[in-house]
Amino acid sequence: MSISIQESDFDVAAEMAALRHSSAKIGALVSFVGLVRDFSNEGRIENIFLEHYSGMTEKALGKIIGEAAARWNLLGSRVIHRIGPLQPNEQIVLVATAAAHRREAFASCEFIIDYLKTAAPFWKREQTDRGGTWLETRDSDLQRMDHWARGE
């Protein structure tokens, strides 16, 4: 389990290679990379700014990954979340999971990103051509949380 909160960009290939080489028992690697879009319901996105609460964020991410490891037989995981100013098409987040089998790797990766979007203390301010606004959790993200809470 590895967590990084950072301003700098990350190299997906290098991160996946490091995770892959962490155990010879790994039979599946799954990754999700979130990017800054150039559009929203509020207009054309010029940039976003991400903030977090240091110490609290890492603890929350550790809890999320720990819960994923308890549900599925994970052999490794890597979460990187960027903070600070980001432009359209820049990478925001990497969630990567490793397991012996694909089902566990896919499900755990999806679980971690769903919980990260709703339960981790990050705040995102979106600047569009119409002005700036702090983003709130979407209903669709809350529905995903209900999905996991029901054990699906």
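Of all residues in the stretch 37-70, count the ones that are at pLDDT 95 or above and basic (Lys, Arg). Count: 2.
Any residue at all in the stretch 90-97 that is at pLDDT 95 or above, in contact with a strand residue (DSSP E or B) (Cβ under 8 Å, 6 or more places away or on another chain) and surrounded by fewer than 16 Cβ atoms within 10 Å (Cβ to Cβ)? Yes, because at least one residue in the stretch 90-97 is at pLDDT 95 or above, in contact with a strand residue (DSSP E or B) (Cβ under 8 Å, 6 or more places away or on another chain) and surrounded by fewer than 16 Cβ atoms within 10 Å (Cβ to Cβ).
Out of the residues in the stretch 1-36 that are of a type outside the set (A, V, I, L, M, F, W, C) and assigned to a strand (DSSP E or B), which is modelled with the lowest pLDDT? Of everything passing the filter in the stretch 1-36, SER2 is modelled with the lowest pLDDT. If you check THR137 against the conditions, is it at pLDDT below 95 and touching an Asp or Glu at 6+ places or on another chain (Cβ under 7 Å)? Against the criterion (at pLDDT below 95 and touching an Asp or Glu at 6+ places or on another chain (Cβ under 7 Å)), THR137 does not qualify. Scanning the stretch 100-116 turns up no residue that is buried (at least 22 other Cβ atoms within 10 Å of the Cβ) and more than 21 Å from ARG144 (Cβ to Cβ).
Within the option set ILE45, ILE65, being touching a Pro at 6+ places or on another chain (Cβ under 7 Å) and either closer than 24 Å to THR118 by Cβ or in a helix (DSSP H, G or I) (or both) holds for one residue only, ILE45. In this structure, ALA60 does satisfy being more than 20 Å from GLY27 (Cβ to Cβ), among the small types (Gly, Ala, Ser), in contact with a helix residue (DSSP H, G or I) (Cβ under 9 Å, 6 or more places away or on another chain) and buried (at least 16 other Cβ atoms within 10 Å of the Cβ).
The residue of the stretch 100-131 that is farthest from the chain's Cα centre (by Cα), among those that are part of a strand (DSSP E or B) and hydrophobic (A, V, I, L, M, F, W, C), is TRP123.
The values are calculated or read from the model by the stated rules, or taken from the named source; none is laboratory data. Because the structure is predicted, anything quoted here is derived from the model rather than measured. Glycine gets a Cβ as well: all are built from the backbone with ideal geometry, and neighbour counts include every protein chain shown.
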